[in-house]
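What follows is a set of notes on a single structure, which appears directly below.
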Amino acid sequence: MRSAHIDRLIELAKEDGLDGLDLDYENMHPENRDLFSAFVKETSEKLHGENMLLGAAVHAKRSDGGTGPEDWFGPKAQDWAEKMFDVREHDFMSLARGAKAEYRFVIKNHYKHQVHISSVRSSCGCTDPRLSARTLQPGETAFLVTEFNTIRFDGAHNATVTVTFDKPYQAEVRLQIKGFVRKDVVFSPGRIELGLVDEGATVEKKVVVTYAGRSDWKIVDIRSENSHFEVELN
């Protein structure tokens, strides 16, 4: 049964075009430690044989029980880290090919202790995560910028971004990213860099929108979220 379960997981990962699997089973009990270890080992061997990656969530705790902050059991060990994120998922919805697609997750240290992020990884090459800071003093805020690659990938894609903390306690938080990159709409260039602009000066840049579809398709509106930029169709 275990082998069949692993084979099905790998089959689903291939169908979705994923780079591998990120295992996150909740409510794991100490008596299942050996069984879970065997499951992870077999999954790892099969995935590596397919040139795929494996990540596994391990709940942060220093013993099998207890009520102190250093002995939290199971999922409770994740609570303090998850509370640092107001949002843990984002849907880019429909994106044009080549368009810039970024989303910033806010990480706020609400605690009296220094917090340190040891690593950040993505389960899919379609998403590139970047941290503005790894160490947060009490009350400080950092940003995890996730960029959805609309040049190398098209169609529907999902990614799990895993943020690993090692101070004040071990914990992991998973952020979910998804989006759909359209093949029929292409932005060129996908992003605009204005560079250093002198006060009072005007800088203009042009983006070419290419559409391969119905002849009656047209752009009916264009707007900027930033009041300092003006955009227009021509």
Restricting the search to the range 143-184, which residues are outside any strand (DSSP E or B) and farther than 30 Å from Trp80 by Cα? Asn149, Thr150, Ile151, Arg152, Phe153, Asp154
Write out, first by first residue and then by second, each pair whose Cβ atoms fall under 7 Å of each other, whose residues are 6+ apart or on separate chains, and whose first residue, in the range 6-25, is under 16 Å from Arg121 (Cβ atoms) while the second is of a type in the set (Lys, Arg). Asp24/Arg174
Filter the range 107-128 for residues that are part of a strand (DSSP E or B) and open to solvent by 60 Å² or more (accessible area, probe 1.4 Å); which is nearest to Phe153 (Cα to Cα)? Asp128
The one condition Ala133 fails out of (1) part of a strand (DSSP E or B); (2) surrounded by fewer than 17 Cβ atoms within 10 Å (Cβ to Cβ); (3) among the hydrophobic types (A, V, I, L, M, F, W, C); (4) more than 10 Å from the chain's Cα centre (by Cα) is (1)
Neighbours by Cβ (under 7 Å, 6+ apart or cross-chain): first from the range 80-93, under 18 Å from Tyr111 (Cα atoms); second crowded, with 17+ Cβ neighbours inside 10 Å and small (Gly, Ala, Ser): Trp80/Ala171; Ala81/Ala171
Give Thr150, Thr160 a once-over and let me know the one that is β-branched (Val, Ile, Thr) and in contact with an Asp or Glu (Cβ under 6 Å, 6 or more places away or on another chain). Thr160
Could you tell me whether any residue of the range 185-198 is small (Gly, Ala, Ser), modelled with pLDDT under 85, exposed (fewer than 11 other Cβ atoms within 10 Å of the Cβ) and not in a strand (DSSP E or B)? yes
I'd like to verify a number: residues in the range 150-184 that are over 16 Å from Phe92 (Cβ atoms) and either open to solvent by 10 Å² or more (accessible area, probe 1.4 Å) or among the β-branched types (Val, Ile, Thr) (or both), how many? 12
Filtering the range 94-106 for residues that are at pLDDT below 85, open to solvent by less than 70 Å² (accessible area, probe 1.4 Å) and assigned to a loop (DSSP other than H, G, I, E, B) leaves a count of 2
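The values are calculated or read from the model by the stated rules, or taken from the named source; none is laboratory data. Fair warning: this is a prediction, and the values are worked out from it, not measured in the lab. Cβ sites come from the backbone with ideal geometry, for glycine too, and all protein chains shown count toward neighbours. Surface areas here come from the heavy atoms of the whole protein model, side chains and all, with no ligands, DNA or RNA. Shrake-Rupley method; radii C 1.70, N 1.55, O 1.52, S 1.80 Å.
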